[in-house]
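The values are calculated or read from the model by the stated rules, or taken from the named source; none is laboratory data. Everything quoted here is computed from the prediction, not taken from an experiment. Every residue, glycine as well, gets a Cβ built from its backbone with ideal geometry; the counts of neighbours run over all protein chains shown. The protein model used for the area step is the full one, side chains on, heavy atoms only, and it has no ligands, DNA or RNA in it. Shrake-Rupley method; radii C 1.70, N 1.55, O 1.52, S 1.80 Å.
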Amino acid sequence: MRKAPFIILLFSGITVAQAQSVLTLDSCRALALRNNKQINVSRLKQDVALNVKKAMRTKYLPKVDAVAGYEWTSREISILSKAQKNHISNIGTLGLQQIGTDLTAGLNTQITNLVQQGTISMEQAQQLGALMQQMGNGPIAQYIGQMGNTIGQGIINAFRTDTRNIFGGAVMLRQPIYMGGAITAANRMADISGEMANNDLSLKTQSTLYNIDQAYWTVVSLKQKQKLANSYRELVKKLDDDVQKMIKQGVATRADGLRVDVKVNEADMQVTQVDDGLSLAKMLLCQLCGLPMDRDIVLADENRETLDAALDAGNTYIPDSTLSCRPEIRLLQNTVSLSEQATKLVQAEYLPHVALTGGYLVSNPNVFNGFQKKFSGVWNVGLLVQVPVWNWFEGSYKVKASKSATRMAELELAEAQEKINLQISQCQYKVSEAQKRLQMAEKNIKSAEENLRCAQVGFREGVMESTDVMAAQTAWQKAQSQKIDAEVEVKLSQVNLKKALGILN
């Protein structure tokens, strides 16, 4: 039975430990970098830039395309005209008619000569002419004419193309040889875009770390002020108890009690305000870390009496003249480089382009052995040259506009460098001022504590009024609050300086 209370306390401790999470500044930063959505977007932009860069590299390589198609037409291509087809299809009949006419005229001349010479008689000449006419219109002549017509029709059929149904396909290769520098410029632009994605990630990372540090030290500050508010309320309540006792003894007046009651109410209100502010600050920190906003977290530095205000690397870091450590400057430098490459890309558009072409073309019907109804193809290799001749100075105007854009980017870069130099100087002064303010606050605390002690002793001895004690308590609270603010201001000023130098990581 004696072990039961110990077991209950043990399980209670485990439950509290699970409900609360102790977070250091580094763990908060790690959670934020892992869960921040803007950082994850920047990482995806890096992937996009990497794939675009790989795609640009393929512009140097040959491209191979395959294409195929089918086409139906209402009429076929005809090599022979209608008149030519008519003559060729009747070549036998027309040929016999021409031959018969010429042969008859020649024979008639010969027969007439024979009759005049007395070789044959007139009757024999008439019989011979009738026989020749009968032979020209006989079956032999008709057979020869039909044979000629058949041969002519065969020639017409041989000349048919039958191109109403056309099948075709091709494999084409294109290899750029000289594009005016456009491919090189496009690849450099892809490289610069990759650098911009990296710099954008650095910018988002630094912004996230800056917000985390701000939220973290705000929670630490409010936690210290919560302790201070509770301590101040206890002091005021202790004074209120003493005054109430003195009122009963007739040493103090009712007005003294009312004045102290007002201070007690003010102290209660301060505690409420600090508690609410601390809850909201922790909710913001949880949101930045990607944790549920109702998570009960405890910060490693929130219970420390004093914060380390020693100088860190930011106070001794010397940036280079171009301030390239700042991601904003690197992004502007990338913008200038990108604009320069864009100018080269515009110039390349108006320079000669040379490309090598090649491929294999196949069709059905094909024209390589007449018009055959079968697939057949041919290889081809060529060189394509494009030279701009006249464009009314369009290229010159575009190049000038692009160079002006580059100059604008350079001016923006120079202005940003000047402003960042001023920002660094301001942050360095802020760090120095914060450290001096902390030293003054520590001295003020010693004075305020001694003043409060004297006031309390004097009040107990009856030589000082309650208002003097309340004034001493207020001064003590103010000194403690100023010390907390000064410690946190040192931390935040150092964070601001690191961000201004671009070394917040």
Inset, instruction - Looking at (1) touching a strand residue (DSSP E or B) at 6+ places or on another chain (Cβ under 7 Å); (2) loosely packed, with under 13 Cβ neighbours inside 10 Å; (3) of a type in the set (Ser, Thr, Tyr), find the lone condition where Thr357 falls short. - result: (2)
Legend entry - Check on Ala448, of a type in the set (Gly, Ala, Ser) and surrounded by 15 or more Cβ atoms within 10 Å (Cβ to Cβ): yes
Inset, instruction - Can you give me the number of residues within segment 31-77 that are β-branched (Val, Ile, Thr) and touching a Phe, Trp or Tyr at 6+ places or on another chain (Cβ under 7 Å)? - result: 0
Legend entry - Criterion violated by Gln153 - all others in (1) within 30 Å of Phe375 (Cα to Cα); (2) surrounded by fewer than 16 Cβ atoms within 10 Å (Cβ to Cβ); (3) among the polar types (S, T, N, Q) satisfied: (2)
Inset, instruction - Using the structure shown, decide if Ala281 is modelled with pLDDT of 90 or more and touching a Pro at 6+ places or on another chain (Cβ under 7 Å). - result: no
Inset, instruction - Evaluate the following for Arg174: is it in a helix (DSSP H, G or I) and not β-branched (Val, Ile, Thr)? - result: no
Inset, instruction - With the condition kept exactly as written, say whether any residue in segment 485-505 is open to solvent by 70 Å² or more (accessible area, probe 1.4 Å), at pLDDT below 85 and not β-branched (Val, Ile, Thr). - result: yes
Inset, instruction - Look at Phe393 and say whether it is free of Cβ contacts under 8 Å to residues at least 12 places away in the same chain and either more than 30 Å from the chain's Cα centre (by Cα) or farther than 30 Å from Leu331 by Cα (or both). - result: yes
Inset, instruction - Please determine, by comparing only the residues of segment 220-252 that are free of Cβ contacts under 8 Å to residues at least 40 places away in the same chain and touching a helix residue (DSSP H, G or I) at 6+ places or on another chain (Cβ under 7 Å), which one is most open to solvent (accessible area, probe 1.4 Å). - result: Lys237
Legend entry - Residues of segment 371-396 classified as over 30 Å from Met172 (Cβ atoms) and either of a type in the set (A, V, I, L, M) or surrounded by 12 or more Cβ atoms within 10 Å (Cβ to Cβ) (or both), total: 2
Inset, instruction - Tell me which of these Arg295 doesn't satisfy, since it passes every other one: (1) of a type in the set (Lys, Arg); (2) over 26 Å from Cys427 (Cβ atoms); (3) loosely packed, with under 14 Cβ neighbours inside 10 Å. - result: (3)
Inset, instruction - Look at segment 382-435 and say how many of its residues are of a type in the set (Val, Ile, Thr) and out of contact with any Leu (no Cβ under 8 Å at 6 or more places or on another chain). - result: 5
Inset, instruction - For Leu323, indicate whether it is touching a helix residue (DSSP H, G or I) at 6+ places or on another chain (Cβ under 6 Å), under 26 Å from Ala500 (Cα atoms) and either small (Gly, Ala, Ser) or at pLDDT below 90 (or both). - result: yes
Legend entry - Leu438 modelled with pLDDT under 90, open to solvent by less than 40 Å² (accessible area, probe 1.4 Å), touching a helix residue (DSSP H, G or I) at 6+ places or on another chain (Cβ under 9 Å) and closer than 18 Å to Trp217 by Cα: yes
Legend entry - Restricting segment 253-264 to residues that are open to solvent by 30 Å² or more (accessible area, probe 1.4 Å) and assigned to a helix (DSSP H, G or I), the residue that is farthest from Ala472 (Cα to Cα): Arg254
Inset, instruction - May I ask you to list the residues in segment 352-372 that are polar (S, T, N, Q) and more than 18 Å from Pro176 (Cα to Cα)? - result: Ser363, Asn364, Asn366, Asn369, Gln372
Inset, instruction - Among the numbered conditions (1) open to solvent by less than 100 Å² (accessible area, probe 1.4 Å); (2) more than 31 Å from the chain's Cα centre (by Cα); (3) in contact (Cβ under 8 Å) with a residue 12 or more places away in the chain, tell me where Thr406 comes up short. - result: (2)
